[in-house]
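To start, the structure itself, in structure tokens.
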Amino acid sequence: LPMIGTSEMRKMVKLNSKLYLQEDWADHSFDCFVLHQGDNAKPAGKQIKKAKTLVVGIKNHVLQKLQNAFDSAGLKLEAVTASQTSAANCFVMSQEASKDKIVALADIGFTHSTISLLVNGEITLTRVVKIGADQFTGGLAEAMNITYSVAEGLKQIMPEKVNAQLKTLISPLCHELSNSIHFFEQQQDKKVSEV
């Protein structure tokens, strides 16, 4: 997107979603997150400066339900954050964060996991993979011929008993993380210092 203010980006995507997202996204609200640009953000000649931007959307009726739930609970809704940026935001605010590092984050969710790469505390690459804790528990239950709830209990109470099985089940996520790091390092010519 053109390098303009975030509120202008939101309006631009809302009014021209077909142009920017190749699909008509009527009845959606959008937010935009400019990704880390590095040195390759400089325009050539008189071109308009552009920014690689993560655009997220939510259906207006879902946003309204969320607002109604907060109102009913007597709470004030300050912000709704995209899951792709939430783990990175938490990490940047933590004591472990360093502005001088290149960090890969893996946020394991229930059905999906988010892989993010941060350069100096800014998101450079983010992707969602369809691998999560539900898959690990289901695979463990199948491998050990036990119920899902027993597998979940074993995973939480006695992880040392199922360590070998879990290593096998988590390897596809490790492969995706490794591929993401390799892609980033090839594209940016920089090494990830921490996972």
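The values are calculated or read from the model by the stated rules, or taken from the named source; none is laboratory data. Quantities reported herein were computed from a predicted structural model and do not represent experimental measurements. In this analysis, Cβ positions are derived from the backbone assuming ideal geometry, glycine residues included, and neighbour counts consider all displayed protein chains. Heavy atoms of the whole protein, side chains included, go into the accessibility calculation; ligands, DNA and RNA do not. Shrake-Rupley method; radii C 1.70, N 1.55, O 1.52, S 1.80 Å.
Odds and ends about this structure:
- Positive minus negative residues near residue 175 (Lys, Arg vs Asp, Glu; Cβ under 14 Å): +2
- Over the chain, DSSP H runs of length four or greater, each weighted -39,500 (n - 2.57), average out per residue to a 222 nm ellipticity of -14000 deg cm²/dmol.
- Ligands, DNA and RNA excluded, the heavy atoms of residue 191 present near 150 Å² of accessible surface to a 1.4 Å solvent probe.
- Dipole of the chain, positive direction: furthest Cα of 22, 151, 58, with charges on the beta-carbon: 22
- Helix 83-93 axis, angle to the chain major axis (alpha carbon atoms, nearest 10°): 90
- Summed over all non-identical Cα pairs, the Kirkwood treatment of the chain gives a radius of 19.6 Å.
- Per residue solvent-accessible surface (Å²) - the range 44-102, probe of 1.4 Å: 75
- Cα long-axis angle, helix 163-188 against the chain (0 to 90 degrees, to the nearest 10): 20
- Fraction of accessible area attributable to carbon and sulfur, the chain (%, probe 1.4 Å): 54
- Between the range 139-193 and the range 52-66, the alpha-carbon center distance in angstrom: 30
- Under 28 Å from the Cα of residue 18 - lysines, other chains or at least 8 residues apart: 42, 46, 49, 50, 52, 59, 65, 130
- Potential lengthening between residue 15 and residue 120 on full extension [0.36 nm per residue; Cα-Cα distance subtracted]: 34.5 nm
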